[in-house]
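Engineer: Input: one structure, supplied below.
The values are calculated or read from the model by the stated rules, or taken from the named source; none is laboratory data. All of these numbers come straight from a predicted model, not from anything done at the bench. Here the Cβ positions follow ideal geometry from the backbone for every residue, glycine too, while neighbour counts run over all protein chains shown.
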Amino acid sequence: MASIATHFSAFLLLFPVGLRRLHSSSSLYLHNPSHFRSKLWYLTDPKWKNLDLYALLISLPIASFSELFLFLSFSGHPSYRFSFFQQSFALFAFWLLILLIAVHEHYATSLLISESLVYVLGGVVFLMEYSVMVTGVSGLAGDVYGFIGVLALICAGSCIYLSFKPSAFFAEFLLCCGLVFKGTWLLQGGFLLYTDALGFKGCSKISSLLLLSTQDDAIDVHCELEQDKSRGFALVNFLFTLHALLVMVLAVGLVIVLGRNRSFRSSGGDTKGPLLSETESNSMWMHALPELEIE
């Protein structure tokens, strides 16, 4: 994650995946809450609509090899150099997980691997991401990436819980929100750490020259005054809280809209059912009574 481009690319992958998963799982839950069961991936027909799955299958190995190339060519701080290798391995593990999910969804009848095992492996991969997220960074950069590690823990816990209770919608909801939140926070972190216009006031951005020249200290933004760094920590905490509120409003709002649409369609269908027929029958009898009395 050494540039604004990589952060933006991660946002383009994570945000749509989390949002689509939230929409699909919520629709499935609202259709019949008592029979809800989480799925590894919510595939749709025709197959070209599953662009998020195919995008991950293509982009994750490319990102992994890019991080591995940085590890081989990096000459800066040893701990940060090693973090490139760890990030490469974590991305490769995510790619293997996505590949396993794709194979499982297409050839489920011929595989002995259960969904519970895949969820456990997903939790392990998220835990791996947590362990490498703050390696080689400190200060404000460590604070930004530390929050990404917290979101990785939430996703890991959700996956592990779904492995033995796939009917738990709240765990599925947390997993979806975690993916959406990671996408938005990675984009925000890219702006804070790798741009001057949207970065910390009084602090310089992390540049490629800084990455290559650092020998003794972990990577962090350089602030002229301690007051600027303290203000930066407060800004990171405020923005993280703001992102959390926005993601929750978006997620809950989507579930409410889907619930109202389903209730509206259900009530619309009921007006054509037995209740309407009974009402029309009673109305016909009421109109027929005066004619009977006249006769």
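Engineer: Every residue in the range 72-105 that is aromatic (F, W, Y) and modelled with pLDDT of 75 or more, please. Give the derivation first.
Structural biologist: Within the range 72-105, the first condition is being aromatic (F, W, Y), and the residues that meet it are 74, 80, 82, 84-85, 89, 92, 94-95.
Selection gives F89, F92, F94, W95.
Engineer: Could you give me the residue pairs with C-beta distances under 6 Å whose first residue belongs to the range 168-195 and is closer than 18 Å to V17 by Cα, whose second residue is of a type in the set (S, T, N, Q) wherever it lies, and which are 6+ apart or on separate chains?
Structural biologist: Hits for this filter: A171/S158; E172/S25; E172/S38; L174/S158; L175/S158.
Engineer: A follow-up question, please. What tally of residues in the range 238-260 results from selecting those that are within 30 Å of G139 (Cβ to Cβ) and touching a helix residue (DSSP H, G or I) at 6+ places or on another chain (Cβ under 8 Å)? Even if it seems obvious, please write down each step before you answer.
Structural biologist: Restricting attention to the range 238-260, the residues satisfying the condition of being within 30 Å of G139 (Cβ to Cβ) are 238-248.
Applying the additional criterion that residues be touching a helix residue (DSSP H, G or I) at 6+ places or on another chain (Cβ under 8 Å) yields 239-240, 243-244, 246-248.
Adding up the residues that qualify gives 7.
Engineer: Give L51, L14 a once-over and let me know the one that is modelled with pLDDT of 90 or more and either of a type in the set (A, V, I, L, M) or surrounded by fewer than 16 Cβ atoms within 10 Å (Cβ to Cβ) (or both). Full working, then the answer.
Structural biologist: Numbers: L51 fails: modelled with pLDDT of 90 or more.
Just a single option satisfies the conditions, and that option is L14.
Engineer: Still on this model: Counting only residues that are buried (at least 22 other Cβ atoms within 10 Å of the Cβ) and free of Cβ contacts under 8 Å to residues at least 60 places away in the same chain, which one in the range 133-155 is farthest from G199 (Cα to Cα)?
Structural biologist: Once the filter is applied, the top-ranked residue is C155.
Engineer: OK, next. Within the range 224-245, restricting attention to residues that are among the charged types (D, E, K, R) and either part of a loop (DSSP other than H, G, I, E, B) or exposed (fewer than 15 other Cβ atoms within 10 Å of the Cβ) (or both), which residue is modelled with the lowest pLDDT?
Structural biologist: The first filter runs over the range 224-245 and keeps only residues among the charged types (D, E, K, R), leaving 224, 226, 228-229, 231.
Next cut, either part of a loop (DSSP other than H, G, I, E, B) or exposed (fewer than 15 other Cβ atoms within 10 Å of the Cβ) (or both) only: 224, 226.
Numbers: E224: 82, E226: 86.
Going through the qualifying residues, I end up with E224.
Engineer: Test each condition in (1) at pLDDT 85 or above; (2) under 23 Å from Y130 (Cβ atoms); (3) in a helix (DSSP H, G or I) for S34 and report the one that comes out false.
Structural biologist: (2)
Engineer: For the range 247-264, how many residues are closer than 18 Å to P16 by Cα and in contact (Cβ under 8 Å) with a residue 40 or more places away in the chain?
Structural biologist: Selection size over the range 247-264: 7.
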